[in-house]
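Reviewing the structure listed below.
The values are calculated or read from the model by the stated rules, or taken from the named source; none is laboratory data. Here the structure is a predicted model, which means the values were calculated and not measured. Cβ sites come from the backbone with ideal geometry, for glycine too, and all protein chains shown count toward neighbours. Accessible surface areas use protein heavy atoms only, side chains included; no ligands, DNA or RNA. Shrake-Rupley method; radii C 1.70, N 1.55, O 1.52, S 1.80 Å.
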Amino acid sequence: MKKVISMLLVICMMAMMLTACGGDDKAASGNDANQKEETGGEEKKEDTEKEDASKDGEDTSKDAEDAAKDLADEVEKASGGEGHKVGFVTFGLGGDFFQQLADTFVEVMEAEGWEAQYEDGKFDPTTQIEACENYIAMDVDVLICWSVAPEAMDSVVQAAMDKGIKFVSFVAETSQYDALMVSDDAELADCCAKLAAQWIDTKFADAEDHSVPVAVLSCRTADTGVVQADELIKIEEFSTKAKFVTEVECEGEDVDTGMKAVENLYTTNPEIKVFLSAHNGLAMGVNNYFTGMSSPVTDYSDMGIFAINGDDAMANVIKTSANDESPLRGMVLTGSVKDTANEIRDVCVGLMDGSMESGTMKKAGTIFVNADTVEEYLSTGAVTSLTAEDFE
């Protein structure tokens, strides 16, 4: 982009110089014509005409300079990034997915020529509001927020919009926004349940209906976690073999919390074969507990773990489940980290250059990753061989 801008600016300068030279030629031509018609009494007239021609050349040169400046301004505006600032208030940074998204967001926006920063929302509405207020004080051009509690953000969103800052509501819909990048939380959880149900019903095809014990590890500190946990515990609606046994509510959603939670769960419910979680950190904790040195289990062939919003690291673990080397079998997500960051970039640029209207909603699709599709996902960042239509 910067190379294109530089080339256009060079062209503008060349056009300005050529036009100025044309003005000088015009002055010289006017001088020659007057000399040919010169008579003793017309020298004064010649001088006047030379001055007029010179003035015309100066005016033309100034016009060309102004036109070049106007074009340069338009080119810079069209570049979508030079001099613009954007702040991203994250949901939290408690898992690899969230941190990778934040880091990739900065990388992508800076490549576009933007000044980009992010703040850890810490899964806390008050922290998010304070971070938004700081970005407003910094006079960013675009403010993005993945709200923990969207209903608590009304005043700070209004404050941003009153200052002319473009507000992007990410994943969790606020009451006002210039752009909404959203996934349906319940729908995404249903997709996770469907992916798990497919494996359960195939693996335990000969089992009695609703006899395969399933546990859900949840974190209900945010609206998204509540909605998705409520969907995952409906696993019996998607599987003829699954039996929902218990929900383990966790205070956090990181790996360590998941490991401790499943260690306690195994003490009371060692029969559970399948674990579902809307949180990739908790799911990785379950996997790490069972694959660790002190694991009470060594045979993972009849165990399955399924999660929402994993990353490449989780995909590589899923890859090992093809040979039953780990119980982590699948994940669903709304796009790779890089794809999501690129979509954020497109929204920011669109809002600033006017190509995206205020109030636009962009809905994300769903990617299904399991042992059969993981190679496709890791090599392309997408999956087309297994889609939501396959579960209808």
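Confirm whether Ile305 is in contact with a Leu (Cβ under 7 Å, 6 or more places away or on another chain), open to solvent by less than 60 Å² (accessible area, probe 1.4 Å) and part of a helix (DSSP H, G or I).
Working: in contact with a Leu (Cβ under 7 Å, 6 or more places away or on another chain): yes; open to solvent by less than 60 Å² (accessible area, probe 1.4 Å): yes; part of a helix (DSSP H, G or I): no.
So Ile305 does not fit the description; no.
Could you look through region 308-338, keep only residues that are more than 30 Å from Val106 (Cβ to Cβ) and either of a type in the set (D, E, K, R) or without any contact (Cβ under 8 Å) to a residue 24 or more places away in the chain (or both), and pick out the one that is surrounded by the fewest Cβ atoms within 10 Å (Cβ to Cβ)? Walk me through how you get there before you give the answer.
Residues of region 308-338 more than 30 Å from Val106 (Cβ to Cβ): 320-327, 329.
Keeping just the survivors that are either of a type in the set (D, E, K, R) or without any contact (Cβ under 8 Å) to a residue 24 or more places away in the chain (or both) gives 320, 323-325, 329.
On the way: Thr320: 17, Asn323: 10, Asp324: 14, Glu325: 12, Arg329: 28.
Among those residues, the one meeting the criterion is Asn323.
Could you list all residues from region 173-192 that are part of a loop (DSSP other than H, G, I, E, B) and open to solvent by less than 10 Å² (accessible area, probe 1.4 Å)?
Passing the criteria: only Thr174.
Is region 215-233 home to any residue that is surrounded by 23 or more Cβ atoms within 10 Å (Cβ to Cβ), of a type in the set (S, T, N, Q) and part of a helix (DSSP H, G or I)?
Looking through region 215-233, at least one residue is surrounded by 23 or more Cβ atoms within 10 Å (Cβ to Cβ), of a type in the set (S, T, N, Q) and part of a helix (DSSP H, G or I).
Mind listing just one residue for me: the one in region 345-392 that is open to solvent by less than 20 Å² (accessible area, probe 1.4 Å) and hydroxyl-bearing (Ser, Thr, Tyr) and, of those, modelled with the highest pLDDT?
Selected residue: Thr373.
If Glu325 passes every condition in (1) touching a Ser or Thr at 6+ places or on another chain (Cβ under 6 Å); (2) modelled with pLDDT of 95 or more but one, which one does it miss?
For Glu325, the failing item is (1).
Looking at region 124-158, which of its residues are surrounded by fewer than 22 Cβ atoms within 10 Å (Cβ to Cβ) and in a loop (DSSP other than H, G, I, E, B)?
Asp124, Met138, Asp139, Asp141, Ala149
Might you check whether a residue that is crowded, with 24+ Cβ neighbours inside 10 Å, assigned to a strand (DSSP E or B) and β-branched (Val, Ile, Thr) occurs anywhere in region 256-278? First the steps, then the outcome.
Here is the first cut: in region 256-278, the ones crowded, with 24+ Cβ neighbours inside 10 Å are 258, 261-262, 274-278.
Add one more test, that the residue is assigned to a strand (DSSP E or B), and what stays is 274-277.
Subsequent filtering for residues that are β-branched (Val, Ile, Thr) retains 274.
Yes; the residues of region 256-278 include at least one that is crowded, with 24+ Cβ neighbours inside 10 Å, assigned to a strand (DSSP E or B) and β-branched (Val, Ile, Thr).
Any chance region 159-168 includes a residue that's surrounded by 21 or more Cβ atoms within 10 Å (Cβ to Cβ), out of contact with any Cys (no Cβ under 8 Å at 6 or more places or on another chain) and outside any helix (DSSP H, G or I)? Walk me through how you get there before you give the answer.
As a first pass, look at region 159-168 and keep what is surrounded by 21 or more Cβ atoms within 10 Å (Cβ to Cβ): 160, 165-168.
From the residues that got through so far, the ones that are out of contact with any Cys (no Cβ under 8 Å at 6 or more places or on another chain) too are 165.
After this cut, where a residue has to be outside any helix (DSSP H, G or I) as well, the list is 165.
Yes; the residues of region 159-168 include at least one that is surrounded by 21 or more Cβ atoms within 10 Å (Cβ to Cβ), out of contact with any Cys (no Cβ under 8 Å at 6 or more places or on another chain) and outside any helix (DSSP H, G or I).
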